[in-house]
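What follows is a short report on a single structure.
The values are calculated or read from the model by the stated rules, or taken from the named source; none is laboratory data. Since this is a predicted model, take the numbers as computed values, not measurements. Don't worry about glycine lacking a Cβ; one is built from the backbone with ideal geometry, like all the others, and counts go over all protein chains shown.
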Amino acid sequence: MKERFKVREDLFTLEVPGGYADKIEAGVGFLDCSLGTNPFGTSEKVKEKLKDLDIDLSAYPDVRYTHLRNALAGYWDIDEESIFFGAGTIGCFEKVNKFVITQGSKVLGISPQYTRYISDVLAMGGFYKAVPLKKENRFKIDVGEVVNALNSDYSLFYLDNPHNPTGQALKLKEVEEIVQDAERKGILVLVDEAYGDFIGKEESAIKLDYDNLIVIRSFSKGFGLASVRVGYAVIKNRNLGELYRKVDLPFPISRIGEILAVEALNDKKFLNESRKKIALIKKKIINALKKEFQIAATHMQTPIMLLWGSGDIYHYFLQKKILTVRGSVFRPLDDSYVRLRVPEKVEELLSRLF
(Lines give C-alpha, C1' and ligand atoms only; values in the text may rest on other atoms or scores of the structure.)
Protein backbone atom coordinates (compact mmCIF):
# COMPACT_ATOMS: atom_id res chain seq x y z
CA MET A 1 0.00 0.00 0.00
CA LYS A 2 1.30 3.44 -0.93
CA GLU A 3 0.37 6.73 0.68
CA ARG A 4 0.99 10.06 -1.06
CA PHE A 5 1.91 11.75 2.22
CA LYS A 6 5.23 11.41 4.05
CA VAL A 7 4.51 8.63 6.51
CA ARG A 8 6.27 5.46 7.59
CA GLU A 9 5.33 3.16 4.73
CA ASP A 10 6.83 0.14 6.55
CA LEU A 11 3.99 0.21 9.09
CA PHE A 12 1.48 -0.76 6.40
CA THR A 13 3.13 -4.17 6.15
CA LEU A 14 3.66 -4.61 9.88
CA GLU A 15 1.60 -7.50 11.19
CA VAL A 16 0.57 -6.67 14.73
CA PRO A 17 1.07 -9.95 16.64
CA GLY A 18 -1.99 -10.30 18.76
CA GLY A 19 -4.04 -8.06 20.98
CA TYR A 20 -7.45 -7.85 22.52
CA ALA A 21 -9.08 -5.33 20.19
CA ASP A 22 -11.04 -8.17 18.56
CA LYS A 23 -12.39 -9.35 21.91
CA ILE A 24 -15.99 -10.52 21.65
CA GLU A 25 -18.14 -8.50 23.99
CA ALA A 26 -20.10 -10.53 26.50
CA GLY A 27 -23.63 -11.05 25.24
CA VAL A 28 -26.65 -12.22 27.17
CA GLY A 29 -25.83 -15.31 29.18
CA PHE A 30 -22.06 -15.21 28.58
CA LEU A 31 -19.57 -15.68 31.40
CA ASP A 32 -16.61 -13.34 30.87
CA CYS A 33 -13.32 -15.07 31.74
CA SER A 34 -11.21 -13.11 29.28
CA LEU A 35 -9.37 -9.92 30.13
CA GLY A 36 -7.10 -10.05 33.17
CA THR A 37 -8.91 -7.85 35.64
CA ASN A 38 -9.70 -8.51 39.29
CA PRO A 39 -12.70 -10.92 39.26
CA PHE A 40 -14.02 -9.15 42.37
CA GLY A 41 -14.13 -5.74 40.73
CA THR A 42 -13.05 -2.67 42.67
CA SER A 43 -12.66 -1.82 46.34
CA GLU A 44 -15.85 -0.49 47.96
CA LYS A 45 -13.74 2.28 49.49
CA VAL A 46 -12.68 3.36 46.01
CA LYS A 47 -16.29 3.31 44.82
CA GLU A 48 -17.32 5.51 47.74
CA LYS A 49 -14.48 7.91 46.98
CA LEU A 50 -15.66 8.15 43.39
CA LYS A 51 -19.19 9.04 44.53
CA ASP A 52 -17.85 11.84 46.73
CA LEU A 53 -15.43 13.37 44.21
CA ASP A 54 -15.72 17.11 43.82
CA ILE A 55 -12.99 18.37 41.52
CA ASP A 56 -12.62 21.06 38.91
CA LEU A 57 -12.83 19.13 35.66
CA SER A 58 -11.71 22.20 33.69
CA ALA A 59 -8.31 22.20 35.45
CA TYR A 60 -5.30 20.13 34.44
CA PRO A 61 -3.89 17.57 36.89
CA ASP A 62 -0.82 18.33 38.97
CA VAL A 63 1.91 17.78 36.41
CA ARG A 64 4.04 15.93 39.01
CA TYR A 65 1.15 13.93 40.51
CA THR A 66 2.56 14.75 43.94
CA HIS A 67 -0.26 13.04 45.87
CA LEU A 68 0.15 9.69 44.11
CA ARG A 69 3.93 9.96 43.87
CA ASN A 70 4.21 10.41 47.64
CA ALA A 71 1.75 7.59 48.30
CA LEU A 72 3.73 5.18 46.11
CA ALA A 73 7.04 6.25 47.63
CA GLY A 74 5.67 5.39 51.06
CA TYR A 75 4.04 2.16 49.87
CA TRP A 76 7.33 0.86 48.44
CA ASP A 77 9.77 2.76 50.67
CA ILE A 78 11.58 4.23 47.66
CA ASP A 79 12.72 7.66 46.53
CA GLU A 80 9.79 9.58 45.03
CA GLU A 81 12.07 10.78 42.21
CA SER A 82 12.34 7.20 40.92
CA ILE A 83 8.59 7.07 40.15
CA PHE A 84 7.16 7.90 36.71
CA PHE A 85 3.67 7.57 35.25
CA GLY A 86 1.86 6.25 32.17
CA ALA A 87 -1.52 5.06 30.95
CA GLY A 88 -1.24 1.56 32.43
CA THR A 89 1.88 -0.54 31.92
CA ILE A 90 1.30 -0.15 28.18
CA GLY A 91 1.81 3.60 28.47
CA CYS A 92 4.96 3.01 30.51
CA PHE A 93 6.65 0.47 28.24
CA GLU A 94 5.83 2.62 25.22
CA LYS A 95 7.98 5.39 26.73
CA VAL A 96 10.76 3.00 27.69
CA ASN A 97 10.83 1.72 24.12
CA LYS A 98 11.01 5.31 22.87
CA PHE A 99 14.31 5.93 24.66
CA VAL A 100 15.81 2.44 24.22
CA ILE A 101 14.87 1.24 20.75
CA THR A 102 16.27 2.68 17.56
CA GLN A 103 16.13 1.19 14.06
CA GLY A 104 17.61 -2.30 14.28
CA SER A 105 17.71 -2.58 18.08
CA LYS A 106 17.37 -6.15 19.33
CA VAL A 107 15.05 -7.12 22.18
CA LEU A 108 14.89 -10.52 23.86
CA GLY A 109 11.78 -11.92 25.50
CA ILE A 110 10.19 -15.28 26.14
CA SER A 111 7.53 -17.04 24.10
CA PRO A 112 4.58 -17.06 24.50
CA GLN A 113 4.41 -13.58 25.98
CA TYR A 114 2.26 -10.44 26.17
CA THR A 115 2.29 -9.58 22.49
CA ARG A 116 1.29 -5.92 22.63
CA TYR A 117 4.79 -5.28 23.92
CA ILE A 118 6.21 -7.16 20.95
CA SER A 119 4.17 -5.15 18.46
CA ASP A 120 5.44 -1.89 19.98
CA VAL A 121 9.05 -3.06 19.59
CA LEU A 122 8.40 -3.88 15.94
CA ALA A 123 6.59 -0.59 15.33
CA MET A 124 9.63 1.25 16.70
CA GLY A 125 11.83 -0.51 14.15
CA GLY A 126 13.33 -3.01 16.55
CA PHE A 127 13.81 -6.78 16.26
CA TYR A 128 12.28 -9.17 18.77
CA LYS A 129 13.57 -12.64 19.55
CA ALA A 130 12.27 -14.99 22.23
CA VAL A 131 13.42 -17.86 24.40
CA PRO A 132 10.75 -20.50 23.72
CA LEU A 133 8.96 -21.99 26.71
CA LYS A 134 8.54 -25.73 26.33
CA LYS A 135 5.13 -27.31 26.18
CA GLU A 136 6.51 -30.54 27.64
CA ASN A 137 7.71 -28.51 30.64
CA ARG A 138 4.26 -26.91 31.08
CA PHE A 139 5.67 -23.65 29.69
CA LYS A 140 7.69 -23.08 32.86
CA ILE A 141 10.24 -20.28 32.57
CA ASP A 142 13.79 -21.67 32.74
CA VAL A 143 16.06 -18.96 34.16
CA GLY A 144 19.16 -20.83 32.99
CA GLU A 145 17.94 -20.80 29.39
CA VAL A 146 17.19 -17.09 29.61
CA VAL A 147 20.68 -16.31 30.95
CA ASN A 148 22.29 -18.46 28.25
CA ALA A 149 20.34 -16.58 25.56
CA LEU A 150 21.36 -13.13 26.77
CA ASN A 151 24.23 -11.56 24.89
CA SER A 152 25.53 -8.06 24.28
CA ASP A 153 23.73 -7.80 20.94
CA TYR A 154 20.49 -7.16 22.83
CA SER A 155 19.49 -3.72 24.05
CA LEU A 156 16.81 -4.98 26.41
CA PHE A 157 15.27 -8.09 27.93
CA TYR A 158 11.50 -7.97 28.55
CA LEU A 159 9.99 -10.13 31.28
CA ASP A 160 6.33 -10.10 32.29
CA ASN A 161 6.26 -11.37 35.87
CA PRO A 162 3.74 -12.72 36.76
CA HIS A 163 3.82 -14.11 33.27
CA ASN A 164 1.06 -13.52 30.74
CA PRO A 165 -0.57 -15.86 29.63
CA THR A 166 0.36 -18.62 32.13
CA GLY A 167 0.09 -16.64 35.37
CA GLN A 168 3.31 -18.18 36.72
CA ALA A 169 5.65 -16.01 38.79
CA LEU A 170 9.41 -16.18 39.14
CA LYS A 171 10.85 -15.80 42.63
CA LEU A 172 12.67 -12.54 43.30
CA LYS A 173 16.02 -14.33 43.50
CA GLU A 174 15.39 -15.77 40.00
CA VAL A 175 14.60 -12.34 38.59
CA GLU A 176 17.73 -10.99 40.28
CA GLU A 177 19.84 -13.70 38.63
CA ILE A 178 18.63 -12.52 35.22
CA VAL A 179 19.14 -8.83 36.06
CA GLN A 180 22.68 -9.44 37.36
CA ASP A 181 23.71 -11.36 34.25
CA ALA A 182 22.13 -8.77 31.96
CA GLU A 183 23.94 -5.96 33.78
CA ARG A 184 27.29 -7.67 33.20
CA LYS A 185 26.45 -7.84 29.50
CA GLY A 186 25.23 -4.23 29.23
CA ILE A 187 21.56 -5.14 28.75
CA LEU A 188 18.58 -3.31 30.24
CA VAL A 189 15.87 -5.43 31.88
CA LEU A 190 12.24 -4.33 31.77
CA VAL A 191 10.11 -6.24 34.28
CA ASP A 192 6.39 -5.83 33.59
CA GLU A 193 4.55 -6.48 36.85
CA ALA A 194 1.06 -5.67 35.58
CA TYR A 195 -0.22 -8.68 37.56
CA GLY A 196 2.21 -8.10 40.41
CA ASP A 197 -0.37 -6.92 42.94
CA PHE A 198 -1.84 -10.42 43.06
CA ILE A 199 1.32 -11.70 44.73
CA GLY A 200 3.23 -10.34 47.72
CA LYS A 201 5.15 -7.05 47.61
CA GLU A 202 8.21 -8.88 48.88
CA GLU A 203 8.51 -10.65 45.51
CA SER A 204 8.49 -7.45 43.43
CA ALA A 205 11.58 -6.47 41.46
CA ILE A 206 11.08 -2.98 42.92
CA LYS A 207 12.95 -4.40 45.91
CA LEU A 208 16.10 -4.74 43.77
CA ASP A 209 18.72 -2.03 43.17
CA TYR A 210 20.41 -2.35 39.79
CA ASP A 211 21.26 0.34 37.27
CA ASN A 212 19.93 -1.73 34.36
CA LEU A 213 16.50 -2.44 35.90
CA ILE A 214 13.16 -0.82 35.08
CA VAL A 215 9.96 -2.09 36.72
CA ILE A 216 6.48 -1.15 35.52
CA ARG A 217 3.18 -1.66 37.35
CA SER A 218 -0.51 -0.99 36.85
CA PHE A 219 -3.58 -0.25 38.96
CA SER A 220 -5.68 -2.03 36.32
CA LYS A 221 -5.36 -5.60 37.60
CA GLY A 222 -5.17 -6.26 41.34
CA PHE A 223 -6.63 -2.90 42.35
CA GLY A 224 -9.47 -3.18 39.82
CA LEU A 225 -9.03 0.23 38.16
CA ALA A 226 -8.63 -0.79 34.50
CA SER A 227 -10.97 1.92 33.21
CA VAL A 228 -8.94 4.82 34.64
CA ARG A 229 -5.63 3.69 33.06
CA VAL A 230 -3.08 4.41 35.80
CA GLY A 231 0.35 2.85 35.51
CA TYR A 232 3.76 3.69 36.88
CA ALA A 233 7.42 2.90 36.32
CA VAL A 234 10.12 2.62 38.96
CA ILE A 235 13.51 3.65 37.58
CA LYS A 236 16.26 4.01 40.20
CA ASN A 237 19.00 4.83 37.67
CA ARG A 238 18.91 8.65 37.51
CA ASN A 239 20.18 8.79 33.91
CA LEU A 240 17.47 6.41 32.68
CA GLY A 241 14.92 8.40 34.63
CA GLU A 242 16.03 11.54 32.84
CA LEU A 243 15.51 9.80 29.48
CA TYR A 244 11.99 8.77 30.54
CA ARG A 245 11.22 12.42 31.36
CA LYS A 246 12.47 13.57 27.97
CA VAL A 247 10.21 11.24 25.99
CA ASP A 248 7.26 11.67 28.36
CA LEU A 249 4.33 13.96 27.62
CA PRO A 250 2.53 16.08 30.21
CA PHE A 251 -0.48 14.69 32.08
CA PRO A 252 -0.27 10.95 31.22
CA ILE A 253 -2.99 10.13 33.78
CA SER A 254 -6.08 12.01 34.93
CA ARG A 255 -6.71 13.77 38.23
CA ILE A 256 -9.56 11.32 38.87
CA GLY A 257 -7.23 8.39 38.25
CA GLU A 258 -4.67 9.81 40.67
CA ILE A 259 -7.21 10.24 43.46
CA LEU A 260 -8.70 6.76 43.02
CA ALA A 261 -5.26 5.13 42.83
CA VAL A 262 -4.26 6.67 46.16
CA GLU A 263 -7.50 5.44 47.72
CA ALA A 264 -6.87 1.94 46.32
CA LEU A 265 -3.39 1.85 47.85
CA ASN A 266 -4.92 2.57 51.23
CA ASP A 267 -7.33 -0.39 51.08
CA LYS A 268 -5.03 -3.32 51.82
CA LYS A 269 -7.95 -5.49 52.94
CA PHE A 270 -9.51 -5.60 49.45
CA LEU A 271 -6.28 -6.75 47.82
CA ASN A 272 -5.48 -9.34 50.50
CA GLU A 273 -8.98 -10.83 50.35
CA SER A 274 -8.88 -10.90 46.55
CA ARG A 275 -5.66 -12.92 46.61
CA LYS A 276 -7.06 -15.46 49.05
CA LYS A 277 -10.33 -15.92 47.15
CA ILE A 278 -8.57 -16.18 43.79
CA ALA A 279 -6.29 -18.94 45.13
CA LEU A 280 -9.27 -20.95 46.40
CA ILE A 281 -11.24 -20.58 43.16
CA LYS A 282 -8.24 -21.30 40.97
CA LYS A 283 -7.41 -24.47 42.87
CA LYS A 284 -10.96 -25.77 42.35
CA ILE A 285 -10.86 -24.90 38.65
CA ILE A 286 -7.52 -26.62 38.09
CA ASN A 287 -8.64 -29.74 39.94
CA ALA A 288 -11.75 -29.91 37.75
CA LEU A 289 -10.15 -29.01 34.41
CA LYS A 290 -7.02 -31.18 34.64
CA LYS A 291 -9.15 -34.22 33.77
CA GLU A 292 -9.91 -32.76 30.34
CA PHE A 293 -7.18 -30.19 29.66
CA GLN A 294 -3.46 -29.61 30.07
CA ILE A 295 -2.60 -26.63 32.31
CA ALA A 296 0.61 -24.59 32.25
CA ALA A 297 2.68 -23.83 35.33
CA THR A 298 0.96 -21.04 37.24
CA HIS A 299 0.86 -19.09 40.51
CA MET A 300 -2.30 -19.75 42.50
CA GLN A 301 -2.95 -16.09 43.36
CA THR A 302 -2.67 -14.85 39.77
CA PRO A 303 -6.17 -14.92 38.21
CA ILE A 304 -5.06 -16.10 34.75
CA MET A 305 -3.97 -19.50 33.47
CA LEU A 306 -3.12 -21.13 30.14
CA LEU A 307 -4.79 -24.39 29.20
CA TRP A 308 -4.90 -26.49 26.08
CA GLY A 309 -6.37 -29.61 24.58
CA SER A 310 -7.22 -31.14 21.21
CA GLY A 311 -9.13 -29.14 18.64
CA ASP A 312 -10.32 -25.55 18.75
CA ILE A 313 -10.60 -24.99 22.50
CA TYR A 314 -11.39 -21.30 22.08
CA HIS A 315 -14.59 -21.98 20.16
CA TYR A 316 -15.41 -24.90 22.44
CA PHE A 317 -15.54 -22.45 25.33
CA LEU A 318 -17.56 -20.02 23.23
CA GLN A 319 -20.13 -22.75 22.59
CA LYS A 320 -20.38 -23.12 26.36
CA LYS A 321 -20.93 -19.34 26.52
CA ILE A 322 -17.60 -18.73 28.21
CA LEU A 323 -15.39 -15.89 26.95
CA THR A 324 -11.62 -16.49 27.08
CA VAL A 325 -8.63 -14.99 25.31
CA ARG A 326 -7.84 -17.11 22.28
CA GLY A 327 -4.44 -18.77 22.19
CA SER A 328 -3.52 -17.33 18.79
CA VAL A 329 -3.17 -13.92 20.47
CA PHE A 330 0.04 -15.30 22.01
CA ARG A 331 2.46 -16.35 19.31
CA PRO A 332 3.31 -19.09 18.46
CA LEU A 333 0.20 -20.63 20.06
CA ASP A 334 -3.02 -21.38 18.21
CA ASP A 335 -6.66 -21.70 19.23
CA SER A 336 -6.15 -25.13 20.75
CA TYR A 337 -5.04 -22.95 23.69
CA VAL A 338 -6.97 -20.41 25.72
CA ARG A 339 -6.07 -18.03 28.48
CA LEU A 340 -8.72 -18.28 31.17
CA ARG A 341 -9.29 -15.68 33.87
CA VAL A 342 -10.91 -17.07 37.00
CA PRO A 343 -14.51 -15.87 37.54
CA GLU A 344 -15.93 -14.49 40.76
CA LYS A 345 -17.83 -17.73 41.38
CA VAL A 346 -16.32 -21.07 40.43
CA GLU A 347 -19.74 -22.75 40.10
CA GLU A 348 -20.65 -20.49 37.18
CA LEU A 349 -17.72 -21.80 35.18
CA LEU A 350 -17.83 -25.46 36.09
CA SER A 351 -21.57 -25.79 35.60
CA ARG A 352 -21.16 -24.71 31.96
CA LEU A 353 -18.28 -27.08 31.28
CA PHE A 354 -19.44 -30.25 33.03
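Please count how many residues of segment 283-301 are part of a helix (DSSP H, G or I), of a type outside the set (A, V, I, L, M, F, W, C) and either buried (at least 16 other Cβ atoms within 10 Å of the Cβ) or assigned by TED's automatic domain parsing to the domain that holds residue 203 (or both). Counting residues in segment 283-301 that are part of a helix (DSSP H, G or I), of a type outside the set (A, V, I, L, M, F, W, C) and either buried (at least 16 other Cβ atoms within 10 Å of the Cβ) or assigned by TED's automatic domain parsing to the domain that holds residue 203 (or both) gives 0.
Could you tell me whether residue 352 is among the charged types (D, E, K, R), touching a residue at least 60 places away in the same chain (Cβ under 8 Å) and either in a loop (DSSP other than H, G, I, E, B) or closer than 30 Å to residue 132 by Cβ (or both)?
Taking the combined requirement at face value, the residue does not satisfy it.
Taking segment 78-108 as the range and being in a helix (DSSP H, G or I) and farther than 28 Å from residue 9 by Cα as the test, the residues that pass are 80, 81, 82, 88. Kindly indicate whether residue 317 is in a helix (DSSP H, G or I), more than 21 Å from the chain's Cα centre (by Cα) and aromatic (Phe, Trp, Tyr). Yes.
Quick check on segment 220-272: of everything there that is in a loop (DSSP other than H, G, I, E, B) and among the hydrophobic types (A, V, I, L, M, F, W, C), which residue is surrounded by the most Cβ atoms within 10 Å (Cβ to Cβ)?
Top of the filtered list is 230.
For segment 17-39, what are the residues that are surrounded by fewer than 15 Cβ atoms within 10 Å (Cβ to Cβ) and modelled with pLDDT of 75 or more? 29, the sole residue that qualifies. Examine segment 118-132 for a residue that is at pLDDT 95 or above, more than 21 Å from residue 8 (Cα to Cα), in contact with a Lys or Arg (Cβ under 7 Å, 6 or more places away or on another chain) and hydrophobic (A, V, I, L, M, F, W, C), and state whether such a residue exists. No, the conditions are met nowhere in segment 118-132. Under the condition of being farther than 16 Å from residue 230 by Cβ, among the hydrophobic types (A, V, I, L, M, F, W, C), out of contact with any strand residue (DSSP E or B) (no Cβ under 9 Å at 6 or more places or on another chain) and touching a residue at least 12 places away in the same chain (Cβ under 8 Å), the residues counted in segment 25-56 number 1. Checked against (1) in contact with a Lys or Arg (Cβ under 7 Å, 6 or more places away or on another chain); (2) part of a helix (DSSP H, G or I); (3) closer than 17 Å to residue 169 by Cβ, residue 306 passes all but a single condition, namely (2). When 72, 68 are checked against the criterion of being at pLDDT 95 or above, within 19 Å of the chain's Cα centre (by Cα), assigned by TED's automatic domain parsing to the domain that holds residue 228 and more than 28 Å from residue 145 (Cα to Cα), a single residue qualifies: 72.
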